[in-house]
Amino acid sequence: MTVQYDSNIIRTHAEALYDQARGIIFMAGFIGFILGGIGGAMLDGAMHGGPWGKIVLALLVMYIGIRYGRGRAFVLQLQAQTALCQVAIEANTRRAADAAVASHASAVGQLTQAG
């Protein structure tokens with residue numbers, strides 16, 4: 001089986017990386033909120049405070065989770081952009097190579113007719 005270059009596969013991969021990046025931000029925030037709520041409930045049980053401690057801790061840990069998720073998402077987006085850049089480089093190189101071949105063939109054809 002011969003493997004052929006297909007830029008659509010790379011573009012599909014880049015789209016999947018962007019989808020993962022969006023999902024990571026949401027999930028990190030959601031997990032942070034849940035863990036913060038659980039931690040707040042444990043602290044509330046030990047300190048017998050009001051519900052505000054749970055809410056504040058849940059929001060604080062959610063914020064930390066979102067910050068972490070954005071960092072991970074940036075890495076995935078950078079990978080996607082690198083892949084798309086490589087596709088663009090290949091397309092531009094192929095275009096330049098085709099133009100050079102066409103120019104060379106035209107010059108050889110003119111020499112053949114003159115000789």
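Where a number appears in this text, it was derived from the coordinates with a stated rule and is not lab data. In this text the structure is predicted, and so the values were computed from the model without any measurement. When we count neighbours, we look across all protein chains shown, and the Cβ atoms used for this are built from the backbone with ideal geometry, even at glycine.
Data for the structure
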item	result
FRET efficiency estimate (nearest 0.05) - Cβ-Cβ, residue 4 to residue 101, R0 22 angstrom	0.65
Order of 35, 76 under a 10 Å beta carbon neighbour criterion, fewest first	35, 76
Binned Cα-Cα distances of the chain, short to long, each 5 Å bin given as a whole percent	2, 11, 11, 10, 9, 8, 8, 7, 6, 5, 5, 4, 3, 3, 2, 2, 1, 1, 1, 0, 0
